[in-house]
1. What does the helix-only formula give at 222 nm for the chain: each DSSP H stretch with n ≥ 4 adding -39500 (n - 2.57), the total divided by the residues, and the result rounded to the nearest 500 deg cm²/dmol?
2. Which value, in debye to the nearest 20, gives the size of the charge dipole of the chain about its Cα centre, when Lys and Arg are +1 and Asp and Glu are -1 at the Cβ?
3. Pulled fully out, how much extra length does the chain show between residue 261 and residue 148, if you take 0.36 nm times their separation in residues and subtract their Cα-Cα distance?
4. What full-extension length gain, to one decimal in nm, is calculated for residue 245 and residue 330 as 0.36 nm per residue of separation minus the Cα-Cα distance?
5. If you average the alpha carbon positions of region 79-123 and of region 280-335, how far apart do those two centres end up, in angstrom?
6. HN-Hα J couplings of region 143-155 from phi, Karplus 6.51/-1.76/1.60, θ = phi - 60°, integer Hz, Gly and Pro as x?
7. Using the structure shown, list the pairs from 199/245; 97/309; 158/272; 98/314; 73/230 with a Cα-Cα distance above 30 Å, or answer none.
8. So which aspartates and glutamates pass the test for residue 332, namely a Cα distance under 15 Å, with those fewer than 8 places away in the same chain ruled out?
Amino acid sequence: MKKLHFLLSLTLLLSMSLMTACGGGGNSAQGGAGGSSSSSGGSADPSQLIIATGGTGGTYFPLGGGMADHITKNAGITATAQATGASAENIRLIRDKKADIAFTQNDIAEYASKGTNMFQQDGKIDSFQALGALYDETIQIVVSADSNIKSVADLKEKRVSVGAPGSGTEVNAQQILEAYGMTFEDTKLQRLSFADSAKAIQDGQLDAAFQTAGTPTAAITELAATTGVKIIPIDADKIDAIIAKYPYYVKTTVPAHTYQTVPEEVTTVSVKSMLLIRSDLSEDLVYKVTKAIFENSDKLGHAKAKEIKLENVKNGVSIPVHPGAQKYFDEKGVK
């Protein structure tokens with residue numbers, strides 16, 4: 001009997017050990033977009049960071065690649081840039097924990113935080129916080145160099161691309177057409193990425209394309225070098241009307257010779273680009289990421305990077321800043 005009692009006790013002890021090894025206590029935390037949790041900080045921290053950017057022909061994608069490199073080198077965690085449909089899609093990727101950092105426009109972040117415009121069906125999204133503002137994003141209305149389109153009013157009945165579905169560019173196009181008394185129904189609407197829009201203009205399959213991005217924009221630069229382009233200006237009175245109704249816009253001038261076939265300056269409007277980050281990531285990890293980005297902003301490999309200034313990091317930011325980013329900004333005396 002003693003032998004039988006010993007064997008039963010040993011079996012019970014082994015079973016309890018196996019349950020503990022398999023995580024029976026329920027304390028194991030799952031990571032975010034990158035998978036399992038890392039040693040970077042809190043239990044929500046992933047083992048790698050996914051940066052949601054935009055189309056390959058825009059500005060977000062190359063800047064995101066540069067940021068991923070410097071995060072990987074300096075923040076103690078691997079980061080990867082991912083091409084996406086940009087602003088609105090990126091916020092949903094953050095919400096669904098399929099991305100950890102995201103490029104977006106300040107206006108789109110505002111819509112998401114309030115559950116308005118393209119986020120009406122989603123409702124308010126509160127799973128992100130600000131990592132900081134970057135640079136002005138200019139609304140550029142692009143046509144071929146030989147196009148007879150000279151004004152936004154001329155877009156009526158034309159084949160017009162307004163960016164990828166759900167993108168910030170799509171909303172900007174809607175609001176600018178509105179200032180001219182037009183809607184999407186007044187055009188032969190297409191929803192193409194920056195790169196696909198440029199190719200369609202080059203192939204004669206598209207008359208005009210809205211592109212909201214930092215200038216110079218890669219897709220437009222390439223199109224200027226092949227087919228040649230014009231950038232259509234927005235009239236001064238219409239700019240005033242747009243800003244009066246949507247105060248996150250600012251009047252902007254695209255400098256002459258930004259593109260090789262555009263010798264004159266062009267007056268238009270801009271919004272502000274910014275970075276978002278998952279609000280459940282640890283303060284320690286976000287501090288390291290913020291430091292890696294803003295202390296290497298001059299090494300991101302894109303001309304627009306020179307406009308990223310630490311002193312402007314809160315300009316146009318209407319949503320809460322992540323405590324980890326705020327810690328870094330406080331250290332640097334940023335108000």
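1. -10500 deg cm²/dmol
2. 1160
3. Here the answer is 39.2 nm.
4. Taking residue 245 through residue 330 to full extension adds about 27.2 nm, to one decimal.
5. First find each Cα centre; the distance between them is then 18 Å.
6. Ordered by residue, 3J(HN,Hα) equals 9, 5, 4, 9, 5, 8, 7, 10, 9, 4, 4, 6, 6 Hz.
7. Check vs 30 Å cut-off fails for 199/245; 73/230.
8. Reachable aspartates and glutamates: 295, 311.
The values are calculated or read from the model by the stated rules, or taken from the named source; none is laboratory data. Bear in mind that the values here come from a model prediction, so they are computed numbers and not experimental data. Positions of Cβ are backbone-derived with ideal geometry, glycine not excepted, and every protein chain shown enters the neighbour counts. These accessible areas exclude ligands, DNA and RNA; they are computed on the full protein's heavy atoms, side chains included. Shrake-Rupley method; radii C 1.70, N 1.55, O 1.52, S 1.80 Å.
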